[in-house]
Ligand SMILES: CC(C)(COP(=O)(O)OP(=O)(O)OC[C@H]1O[C@@H](n2cnc3c(N)ncnc32)[C@H](O)[C@@H]1OP(=O)(O)O)[C@@H](O)C(=O)NCCC(=O)NCCS
């Protein structure tokens with residue numbers, strides 16, 4: 001099925017052809033918000049997370065985790081009402097994810113904001129622009145559901161993530177000197193926010 005045709009049928013799906021610098025076939029990039037996943041998709045996601053953790057993590061986990069622990073974790077994420085799970089696919093295979101976390105219902109004062117968390121692309125799928133697409137997709141969805149401020153935090157050691165988020169317009173407002181502990185070493189972390197413009201209203205019949 002053609003990309004544009006698939007996107008029209010599945011509004012949650014964003015796809016993009018990656019520019020191919022090596023003269024081969026350009027990989028197909030896709031990002032979508034998922035509310036359910038099949039067993040093989042959960043296995044792909046667990047594999048991607050395991051590979052990213054072994055590569056140094058940066059999105060929470062520090063120690064390598066068994067695949068079934070990660071699979072149970074992602075199945076649990078799908079059940080939490082405040083969490084929206086987005087997956088990134090390279091040529092159809094899930095290779096990364098991110099979560100948009102809204103405040104609980106009792107937190108009316110911060111209901112206009114949300115947190116972008118647990119953002120990763122597996123090492124074997126990096127450098128194709130999938131993370132850029134994932135940020136854009138999460139932002140579009142957040143704006144569409146009324147989020148006006150997107151917050152995130154990241155270890156100071158995650159150079160590529162820092163580059164990614166700053167290039168996407170996130171503004172650093174502070175640094176926590178004792179943000180995380182990895183391998184017995186205390187690491188600082190940077191805190192960012194981005195104001196989101198309201199999503200354009202769709203015209204009648206759109
Ligand atoms: C950060 C991460 C998601 C980037 O994934 P990716 O698929 O390689 O990213 P993309 O291909 O979309 O590239 C996005 C940008 O990052 C840049 N980038 C990628 N790797 C980089 C690196 N090692 N150093 C500096 N910049 C880098 C790219 O050049 C691109 O910049 P551009 O838009 O100016 O061209 C990935 O490295 C990762 O999962 N890291 C570990 C987890 C993590 O740090 N998560 C963030 C915590 S919330």
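The values are calculated or read from the model by the stated rules, or taken from the named source; none is laboratory data. Note that this is a predicted model, so its numbers are computed, not measured. Reconstructed Cβ throughout: ideal geometry from the backbone, glycine too, with neighbour counts over all protein chains shown.
Only one of (1) under 17 Å from the mean Cα position of the chain (by Cα); (2) near the ligand (Cβ under 10 Å from one of its atoms); (3) touching a residue at least 24 places away in the same chain (Cβ under 8 Å); (4) closer than 18 Å to residue 59 by Cβ fails for residue 157. Which number is that?
(1)
What are the residue pairs meeting all of these: first residue in segment 66-82, first residue under 19 Å from residue 54 (Cβ atoms), second residue loosely packed, with under 11 Cβ neighbours inside 10 Å, Cβ atoms under 7 Å, and 6 or more apart or on different chains?
That search, which allows pairs on different chains as well, returns nothing.
So how many residues does segment 107-138 have that are farther than 18 Å from residue 151 by Cβ, surrounded by fewer than 17 Cβ atoms within 10 Å (Cβ to Cβ) and free of Cβ contacts under 8 Å to residues at least 40 places away in the same chain?
Of the residues in that region, 2 qualify.
Would you call residue 179 more than 26 Å from residue 89 (Cβ to Cβ), at pLDDT 95 or above and touching a strand residue (DSSP E or B) at 6+ places or on another chain (Cβ under 8 Å)? I'd like the intermediate steps shown before the answer.
Details: more than 26 Å from residue 89 (Cβ to Cβ): yes; at pLDDT 95 or above: yes; touching a strand residue (DSSP E or B) at 6+ places or on another chain (Cβ under 8 Å): yes.
Judged against the criteria, residue 179 is a match.
If a residue has to be crowded, with 16+ Cβ neighbours inside 10 Å and either farther than 11 Å from residue 118 by Cβ or within 13 Å of the ligand (Cβ to nearest atom) (or both) to count, how many in segment 80-92 make the cut? Let's see the steps before the verdict.
Filtering segment 80-92 down to residues crowded, with 16+ Cβ neighbours inside 10 Å leaves 83-90.
Those left that are additionally either farther than 11 Å from residue 118 by Cβ or within 13 Å of the ligand (Cβ to nearest atom) (or both): 84, 86-90.
The qualifying residues number 6.
Listed residues 168, 125; which is within 12 Å of the ligand (Cβ to nearest atom) and within 21 Å of residue 46 (Cα to Cα)?
On the way: 168 fails: within 21 Å of residue 46 (Cα to Cα).
The unique qualifying residue is 125.
Kindly check whether there is at least one residue in segment 40-53 that is in a loop (DSSP other than H, G, I, E, B), in contact with a strand residue (DSSP E or B) (Cβ under 7 Å, 6 or more places away or on another chain) and at pLDDT 95 or above. Give the steps one after another, and end with the answer.
First pass over segment 40-53, keeping only residues in a loop (DSSP other than H, G, I, E, B): none.
Scanning segment 40-53 turns up no residue that is in a loop (DSSP other than H, G, I, E, B), in contact with a strand residue (DSSP E or B) (Cβ under 7 Å, 6 or more places away or on another chain) and at pLDDT 95 or above.
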